[in-house]
Amino acid sequence: MFKRLLCAFGITALLAFVPATASSAASSSRMVQMRDDCDPATFNAVVGPGTCVKDGGTTFSEFVDQLITQGRAPAWRFAPDHLSLASGGTVEARNIGGETHTFTEVANFGGGCIGFLNDLLGLSPVPECAGFPDGLFGETAVPAGGTITGTLAPGIHRFECLIHPWMRTTVRVG
């Protein structure tokens, strides 16, 4: 009887430990999806060949109209727009859209590096744009289908697309 009770206690303790371990491992790595809905024919015609490589449904003129009327294009977003991560955890940003986006840490949210979009939205570029001359975004650029991964220190981290500055997420690490 004692052996059965000891065995049952051991199995119960083991089962209690396994889910706790699995859930803490899950919180040490999180994903942010970069989304958009660009129509390749119209975006490529206006912005340039290869700007949009996926079959989205928002034309360039609809995109501009959304920016003017709503201050953003709703399909262009980071999902989720905020998350928590365990200390020392990693965040992976995956571009599932058709355009290149950046996943750039900024001190404070603001305008991006593309003058035309800032003008439509009445924004000024964030200081981080100074590090990216001529629209070249270095290691923070993520082409359609690409990913970027980073390990974050404890604290609050703000990430913004420097091309589409309304695309934002806040990561709380700790």
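The values are calculated or read from the model by the stated rules, or taken from the named source; none is laboratory data. Source: prediction; values computed, not measured. FYI the Cβ positions are ideal-geometry reconstructions off the backbone, even for glycines, and counts take in every protein chain you see. For accessibility, only protein heavy atoms count, side chains too; no ligands or nucleic acids. Shrake-Rupley method; radii C 1.70, N 1.55, O 1.52, S 1.80 Å.
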I'd like the FRET efficiency for residue 84 and residue 41, computed as 1/(1 + (r/R0)^6) with the beta carbon distance as r and R0 of 30 Å, rounded to 0.05. 0.15
Which value, in Å², gives the accessible area per residue of segment 28-174 when a 1.4 Å probe is used on the protein heavy atoms? 48
Given R₀ = 35 Å, what would the calculated FRET efficiency be for residue 54 paired with residue 156, taking r from the Cβ atoms and rounding to 0.05? 0.65
What's the Cα-based Rg to Rh of segment 18-174, Rh via Kirkwood? 1.00
What distance in nm lies between label points placed 7 Å from Cα along the C-beta direction at residue 107 and residue 65? 4.0
For segment 120-174, with all protein chains present and a 1.4 Å probe, just round the carbon and sulfur fraction of the accessible area to a whole percent. 56
Taking amide H positions as placed 1.01 Å from N in the peptide plane, with prolines and chain starts having none, which residues 5 or more places from residue 52, or on another chain, fall under 5 Å of its amide H? 44
Short version: ³J(HN,Hα) in whole Hz for each residue of segment 96-113, in order, from phi by Karplus 6.51 cos²θ - 1.76 cosθ + 1.60 (θ = phi - 60°), x for Gly and Pro, what are they? 9, x, x, 10, 6, 10, 10, 10, 10, 6, 10, 5, 9, 5, x, x, x, 9
Evaluate the distance, in nm, between pseudo-label points positioned 7 Å from the Cα of residue 120 and of residue 172 along their respective Cα→Cβ axes. 3.3
Accessible surface of residue 81 - all protein chains present, 1.4 Å probe, nearest 10 Å²: 90
Say the dipole of segment 73-149 comes from +1 at the beta carbon of Lys and Arg and -1 at that of Asp and Glu; which of 136, 107, 74 then lies farthest toward its positive end? 74
